[in-house]
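The values are calculated or read from the model by the stated rules, or taken from the named source; none is laboratory data. Only a predicted model underlies this, so the values are computations on that prediction, with no experimental measurement involved. So basically every Cβ, Gly included, is an ideal-geometry build from the backbone, and we count neighbours across all protein chains shown.
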Amino acid sequence: MKKTSHLMAALLAAVAISAPATLARAADPIKVGIIWPLTGNAAAAGQASKAAIEVALDIINNKHPELGDLPLAATEGLPNAGGAKIVVEFTDHQGNPSTAQQLAVRLITQDKVHALFGAYHSSCSFTATAVSERYGIPFMVGESAAGNITGRGFKWTFRGTPIASDYAATYMRFFADMKKQGRKIETIAIVNENTDYGTSVAAAIEEEAKKNGISVAIKVPYSANSTDVAPQVLQLKEKNPDVAIFISYTADAILFMKTMRNLNYLPPMVIGDDTGFSDPSFIPGVSAVAQGVMNRSAWDIGKPGTTTYKINEMYKAKTGRDLDDTSARNMQSFFALADALNRAGSNDPEKIRAALVATDLKPNQLMMGYEGVKFDQTGQNVLAATYLIQLKGDAYQLVWPDRAAAAKVEWPMKGWK
């Protein structure tokens, strides 16, 4: 009897020793390295997106069954990976593509992350994704818009957001609707910062304008680090386009609006191509002189009780402000990555990549106004979409398309009147 007892005790001890080790391995965290501008002239956008990811981690790693069909909200951690939690490491590229490249190398080789995410500036996403391709680590681009990021035949790069060509096509559909309502839109101006983001979107808009019989009166490339844009504004004033489209980061978007007021130049309509116009510091900085400015956005808070409203309340409790389009698109792309990590059930890069390739999220599983998330052979989400919003008072309101609009388009814009 004693021998049996000793034998049973030994077996139980062996199980006790081996079981926790097995469970620990199954529940090892999945590490994601995030590369963003947390300081510098785009710091506000980077910090807003950082807060959005921290809210997303709460939703993924803890139980939030109140968030409907949002993948992983009802469970705790990644069920297919033994309940493993996602952990992130935030890094700061300060808007420098070389720094973004170096950080990607460090995160992969030293910090041993299982996936990368970023990088806000298209030029930084361009260099960082080249690193992930070289090392064979999946990279989810959260919201960078330049077409060349997913146009290089890479197998490890995926992008959840709409891209430059999507935005250009959206503007042309909007213009067609406005023309039907009697608005004069014969000429446009394109004002773009001169790195990958600005030049890519500007080229796409120019191409779509030509297809749709709209004349580009002037293209005005400039440096986002400019401290004086009076010459560019005077060029616009001379050409007097029906619509001026700005492809700008934060400091330059604010500077343009203030300079236009100082030089008494107000076109019938200004459209901001998200980015600087969605930055949390834009409205407090220039709302008094930019009333009626339009912006693109795939984010809408929604009505009380909706999943989007509840997510926004979580974000507002953390930051004191609403989600903006940039931070919301980053959150959505992170959810898509987390869904793939769960389906992979592993931290193996090949399995994660295969899961990303197989992604097929439906509209009811999203927090954004996309038709879904599904990647083509280049890694681009082919179901991404966007709305147009307009600044009224101290907040943007969704004004187009009509089927989703919460308010009417005000044309011409008021500016500072």
Going by the structure shown, is Ala74 small (Gly, Ala, Ser), at pLDDT 95 or above and either surrounded by fewer than 19 Cβ atoms within 10 Å (Cβ to Cβ) or assigned by TED's automatic domain parsing to the domain that holds Asp196 (or both)?
-> yes
Condition check for Asn192: modelled with pLDDT under 95, farther than 16 Å from Ala290 by Cβ and not small (Gly, Ala, Ser) = no
State whether one or more residues within region 350-357 are among the acidic types (Asp, Glu), farther than 23 Å from Asp177 by Cβ and not in a loop (DSSP other than H, G, I, E, B).
-> yes
Can you tell me which residues in region 229-261 are aromatic (Phe, Trp, Tyr) and either touching a Gly at 6+ places or on another chain (Cβ under 7 Å) or not in a helix (DSSP H, G or I) (or both)?
-> Phe246, Tyr249
Looking at (1) touching a residue at least 24 places away in the same chain (Cβ under 8 Å); (2) closer than 22 Å to Phe154 by Cβ; (3) surrounded by fewer than 16 Cβ atoms within 10 Å (Cβ to Cβ), find the lone condition where Ala395 falls short.
-> (2)
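Conditions tested, residue by residue: (1) touching a Lys or Arg at 6+ places or on another chain (Cβ under 8 Å); (2) in the same structural domain as Glu207 (by TED's automatic domain parsing); (3) assigned to a helix (DSSP H, G or I); (4) on the phi > 0 side of the Ramachandran plot.
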site: Ser144; (1), (2), (3), (4): yes, no, no, no
site: Asn148; (1), (2), (3), (4): no, no, yes, no
site: Phe154; (1), (2), (3), (4): no, no, no, no
site: Phe158; (1), (2), (3), (4): no, no, no, no
site: Met172; (1), (2), (3), (4): yes, yes, yes, no
site: Ala176; (1), (2), (3), (4): no, yes, yes, no
site: Lys179; (1), (2), (3), (4): no, yes, yes, no
site: Arg183; (1), (2), (3), (4): no, yes, no, no
site: Ala189; (1), (2), (3), (4): yes, yes, no, no
Conditions (1) crowded, with 18+ Cβ neighbours inside 10 Å; (2) farther than 21 Å from Gly33 by Cβ; number of the one not met by Tyr309 | (1)
Of Gly372, Gly393, the only residue that is among the small types (Gly, Ala, Ser), at pLDDT 95 or above and in the same structural domain as Glu143 (by TED's automatic domain parsing) is Gly372
Pairs returned, first residue in region 231-244 that is over 10 Å from Val270 (Cβ atoms), second residue that is in a helix (DSSP H, G or I), beta-carbon separation under 6 angstrom, 6 or more apart or interchain, are Val233/Thr259; Val233/Met260
Can you confirm whether region 29-42 contains a residue that is assigned by TED's automatic domain parsing to the domain that holds Tyr309, at pLDDT below 95 and of a type outside the set (S, T, N, Q)?
-> yes
So, of the residues in region 44-98 that are touching a strand residue (DSSP E or B) at 6+ places or on another chain (Cβ under 7 Å) and polar (S, T, N, Q), which turns out to be nearest to Asn347 (Cα to Cα)?
-> Asn61
Members of region 100-112 that are surrounded by fewer than 24 Cβ atoms within 10 Å (Cβ to Cβ) and in contact with an Asp or Glu (Cβ under 8 Å, 6 or more places away or on another chain) = Asp111
